[in-house]
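What follows is a single structure, written as structure tokens, with notes after it.
The numbers here are math on the coordinates, done by the rules we state, and not lab data. This is a predicted model, so every value here is computed, not measured. With ideal geometry, Cβ positions are generated from the backbone for all residues, glycine too; neighbour counts draw on all protein chains shown.
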Amino acid sequence: MHTVRVKSEHEYDVVIGCDWKTQVLQAINSHARVAFVYPGVMRDKVKQMAASDCEMHFFEIPEGESAKSTQTLQSLWNWLGAAGFTRSDLIIGIGGGTTTDLAGFAAASWLRGINWIAVPTTVAGMVDAAIGGKTGINSDYGKNLIGAFHSPQKVLIDPSWLTTLTDRDFAAGLAEVIKCGFIADENILNSIDGKDVKAIRQDATLTLDLITRSVAVKAHVVSGDFKESFDREILNYGHTLGHAIEIDSKYSLRHGEAISIGLVFAAELAGVKGYLKRELIQRHRQILEGVGLPITYSPEAWQKLMPLLALDKKSRGHQMRFVGISDIGKTLRIEDANESELTAAYERISS
């Protein structure tokens, strides 16, 4: 096992390479009640938990982004109330980023905050969603617009979960890994470059190294800027357009697939502004496409995407703001892109 320490409103460990059941049983013994929140597809695995003196409750949620809704959250609140959950009890979110976002926000809002543990089961969940304390649900007006900063007590990363993923879902998670490579750790890019998704996932040592490096990147960033005052925004590289594409596609695209397109757009925008050389833009395309991720989107969608960009959390007033890079590991803010520049960048990714 390898442990990465995160400093936020409290310090906690991300335990990489653990057996999640063993770790969970150790964690719940000091609580009277624990709520397991998980998508129904994981029912059999979750309910294999060994008996404990702790009173266990199981709450199943829908799969995918539909779970991050006010309706699901209301049902979860009512369920916690009916079960008599108090401030000394515990919530454990087991699943992808959707699950940990929802479980974390339920923990943040129930009795104004109770403890929770994240057990991410996807690549994206392990390297991104479960770490950093961002919790929340979606609004009709955008993704993750309702939420709170509420860090888990622990994040438990068990690589055995990854065997349950399809190649498509594994590749989608790699978008967040590749993002970490471009904003902070070129070793990630060098390790992935020239490999397809099958070659990566068949190499357990490589997979664990990519996860560990990506967790280290995120832990370092959020430990220095917990509530996203400025520095933490670099983790949103590629996410401004990516989130808009998720909404436009009605979530038919995986989060990572949309972020992949957003990464190429962000690189192209930096190129239009004269910040990024063509060869690094091409490297975005090469690595992302190499693992099977999309790098283009419909040209007809641009007029629908523009209003969604304005609702991004980084926007200030009427000013849209984007994260860009000028080189690997050198991030910048693009705050002065006009409509013609944005359109020019989008035309380079439209197909």
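Give the lysines reachable from LYS7 as a straight Cα distance under 30 Å; neighbours fewer than 8 places away on the same chain don't count.
Filter leaves LYS21, LYS68, LYS134, LYS143, LYS154, LYS179, LYS218, LYS227, LYS313, LYS314, LYS330.
In whole angstrom, note down how far apart the Cα centers of the stretch 156-203 and the stretch 28-65 are.
Using only Cα atoms to place each centre, the spacing works out to 27 Å.
Let me have the relative contact order for the stretch 256-351, percent, based on Cα pairs under 8 Å that are six or more residues apart.
After rounding, I find 38 percent.
For the stretch 35-47, take each phi angle, set θ = phi - 60°, evaluate the Karplus expression 6.51 cos²θ - 1.76 cosθ + 1.60, and give the result in whole Hz per residue in order, putting x for glycine and proline.
10, 8, 10, 7, x, x, 4, 9, 3, 4, 5, 5, 7
Would any residue of the stretch 18-53 have its amide N under 12 Å from a label point 7 Å out along Cα→Cβ of SER88? List them or say none.
Residues 30-33 qualify, since their backbone N sits under 12 Å from the label point.
Once you have the Cα-Cα distance between GLU289 and ALA32, take 0.36 nm times their residue separation minus that, and quote the gain in nm to one decimal.
87.7 nm
Hey, any idea what the orientation-averaged projected area of the convex hull of the stretch 121-225's Cα atoms comes to, in nm²?
For the stretch 121-225, the mean projected area of the Cα convex hull comes to 7.4 nm².
How far apart, in nm, are two points set 7 Å out from the Cα along the Cα-to-Cβ line at GLU11 and at ALA199?
4.0
Take the Cβ-Cβ distance between ASP44 and ARG112 as r, set R0 to 30 Å, and report the resulting FRET efficiency rounded to the nearest 0.05.
0.30
Hey, with R₀ at 30 Å, roughly what FRET efficiency would GLU60 and LEU145 work out to, going by the Cβ-Cβ distance, to 0.05?
0.75
How much space per residue, in cubic angstrom, does the convex hull of the C-alpha atoms of the stretch 233-347 take up?
With only Cα atoms used, the stretch 233-347 gives 96 Å³ per residue.
How high is the relative contact order of the chain, in percent, with contacts defined as C-alpha pairs under 8 Å that are six or more residues apart?
Relative contact order comes out at 15 percent.
Starting from 0.36 nm per residue, how many nanometres of slack lie between ASN78 and SER350 once their C-alpha separation is accounted for?
Going from the current span to full extension adds 93.4 nm.
Testing the spin-label approximation: label points 7 Å from Cα along Cα→Cβ at HIS2 and THR163. State their distance in nm.
Label-label distance for HIS2 and THR163, simple model: 2.1 nm.
Relative to 2.2 N^0.38 Å, what does the C-alpha radius of gyration of the chain come to as a ratio? Two decimals please.
The reported ratio for this selection is 0.96.
Which is the longest run of the chain containing none of the trypsin sites (Lys or Arg not before Pro) found in DSSP loop states (not H, G, I, E, B) with at most 10 other C-beta atoms within 10 Å?
Longest gap between qualifying sites, sites excluded: 88-249.
I need the calculated FRET efficiency for the pair ASN187 and GLN71, taking r as the beta carbon distance and R₀ as 41 Å, to the nearest 0.05.
0.45
In vacuum, with every alpha carbon of the stretch 2-164 counted as one equal point scatterer, what does the Debye formula give for log10 I(q)/I(0) at q = 0.21 Å⁻¹? Two decimals, please.
One equal scatterer on each Cα of the stretch 2-164 leads to -1.57.
Considering only DSSP beta bridges where both residues belong to the chain, give the percentage that are antiparallel (nearest 5).
In the chain, DSSP labels about 40 percent of beta bridges as antiparallel.
From Cα pairs below 8 angstrom and at least 6 apart in sequence, can you work out the relative contact order of the stretch 1-156, rounded to a whole percent?
The normalised contact order for the stretch 1-156 reaches 24 percent.
Per residue of the stretch 238-249, what does 6.51 cos²θ - 1.76 cosθ + 1.60 with θ = phi - 60° give for ³J(HN,Hα)? Whole Hz please, x for Gly and Pro, Karplus curve as stated.
Whole-Hz 3J(HN,Hα) from phi for the stretch 238-249: x, 8, 4, 6, x, 5, 5, 5, 4, 5, 4, 7.
Give me PHE85, PHE322 ranked fewest to most by other Cβ atoms within 10 Å of their Cβ, as a rough exposure proxy.
Ascending Cβ contact count within 10 Å gives the list PHE85, PHE322.
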